[in-house]
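The values are calculated or read from the model by the stated rules, or taken from the named source; none is laboratory data. Just so it is clear, the model here is predicted, and its values are computed rather than measured. Ideal geometry is used to build each Cβ from the backbone, glycine not excepted, and the neighbour counts take in all protein chains shown. Note: areas computed on protein heavy atoms with side chains; ligands, DNA, RNA excluded. Shrake-Rupley method; radii C 1.70, N 1.55, O 1.52, S 1.80 Å.
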Amino acid sequence: MSFTVAIDGPAAAGKGTISKAVAAHFGFAHLDTGLLYRAVGAKVLAGASPIEAARALDPVDLEDDSLRTPAVAQAASEVAVIAQVRDALVDFQRNFAARGQGAVLDGRDIGTVVCPLADAKLFVTASPERRATRRFDELVAKGMDVALDDVIADVKERDARDRNRAASPLVPADDAYMLDTSDLTIDQAIAAAIAIIADRMS
Ligand code: DC
């Protein structure tokens, strides 16, 4: 039996870092489902049609470093409103969840749509300003030339689109544990997530 952990939340709340650490702690596989939408977004920026790009997605496409740019993040959020794009990506995510001893999937709709029966669900949040500052620091550390105001506007625009779309909007599952990381260090947030999941296992 595979143990599935669903970790959802808005952009830059810390779910990627938490998910990686949780997966390493429990020896589970990890899938950052945002990369699927980013890979489709990148293909659309290069001229492809969103639905065809989603249907033709190859796992190798997820390894491209250029998927981490703000332009690709925006394109990902735009293709993510298309129900047929989401449908084309759901089987890949469910198959990933079912493999091995356990899997951690992070995204926007894992606990609500992709894996509604997940064994543990977390919804990771933080204030928009805190999230934008963290994302700004990450991009600067990668050597990107970005302005804080642009990053704040970008995070808010993506939040609004992710929350208000008709297909699988960003919303906590009824049975998700809410983890607000605004005033936590990354180590505290990871420890809290591990404690919640360990509790669900016992
Ligand atoms: O997690 P991220 O910032 O890499 O995600 C990029 C975009 O992809 C995000 O703005 C919305 C979309 N996305 C989604 O709709 N559903 C998911 N499960 C993951 C990401």
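Of the candidates Ala132, Ala141, the single residue that is of a type outside the set (Ser, Thr, Tyr), out of contact with any Gly (no Cβ under 7 Å at 6 or more places or on another chain) and open to solvent by less than 70 Å² (accessible area, probe 1.4 Å) is Ala132.
Conditions tested, residue by residue: (1) farther than 30 Å from Ala195 by Cβ; (2) within 11 Å of the ligand (Cβ to nearest atom); (3) touching a His at 6+ places or on another chain (Cβ under 9 Å).
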residue	(1), (2), (3)
Ala75	yes, yes, no
Asp87	yes, no, no
Val104	no, no, yes
Ala118	no, no, no
Leu148	yes, no, no
Arg161	yes, yes, no
Ala166	yes, no, no
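Just one of (1) in a helix (DSSP H, G or I); (2) over 25 Å from Lys156 (Cα atoms) fails for Ser66. It is (2). Scan the range 46-64 and tell me whether some residue there is among the β-branched types (Val, Ile, Thr) and within 11 Å of the ligand (Cβ to nearest atom). For the range 46-64, residues among the β-branched types (Val, Ile, Thr) and within 11 Å of the ligand (Cβ to nearest atom): absent.
Hey, among Gly100, Gly107, which residue is farther than 19 Å from Ile190 by Cβ and either of a type in the set (Gly, Ala, Ser) or modelled with pLDDT under 95 (or both)? So the residue among Gly100, Gly107 that is farther than 19 Å from Ile190 by Cβ and either of a type in the set (Gly, Ala, Ser) or modelled with pLDDT under 95 (or both) is Gly100. Among the residues of the range 46-63, those that are open to solvent by 50 Å² or more (accessible area, probe 1.4 Å), at pLDDT 95 or above and either assigned to a helix (DSSP H, G or I) or among the aliphatic types (A, V, I, L, M) (or both) comprise Ala46, Glu52, Arg55, Ala56. Please go through the range 14-45 and give me each residue that is in a helix (DSSP H, G or I), within 16 Å of the ligand (Cβ to nearest atom) and open to solvent by 50 Å² or more (accessible area, probe 1.4 Å), ordered by number. If the condition is that a residue be in a helix (DSSP H, G or I), within 16 Å of the ligand (Cβ to nearest atom) and open to solvent by 50 Å² or more (accessible area, probe 1.4 Å), then Thr17, Lys20, Lys43, Leu45 are the ones that fit. The sole residue among Gln84, Gln74 that is of a type in the set (S, T, N, Q), free of Cβ contacts under 8 Å to residues at least 40 places away in the same chain, in contact with a helix residue (DSSP H, G or I) (Cβ under 9 Å, 6 or more places away or on another chain) and over 22 Å from Ala21 (Cβ atoms) is Gln84. Tell me, yes or no, whether the range 3-12 has at least one residue that is within 12 Å of the ligand (Cβ to nearest atom), buried (at least 16 other Cβ atoms within 10 Å of the Cβ) and among the polar types (S, T, N, Q). No; the residues of the range 3-12 include none that is within 12 Å of the ligand (Cβ to nearest atom), buried (at least 16 other Cβ atoms within 10 Å of the Cβ) and among the polar types (S, T, N, Q).
Residues considered: Gly111, Gly102. Of these, the only one that is touching a Lys or Arg at 6+ places or on another chain (Cβ under 7 Å), closer than 27 Å to Asp58 by Cα and surrounded by 13 or more Cβ atoms within 10 Å (Cβ to Cβ) is Gly111.
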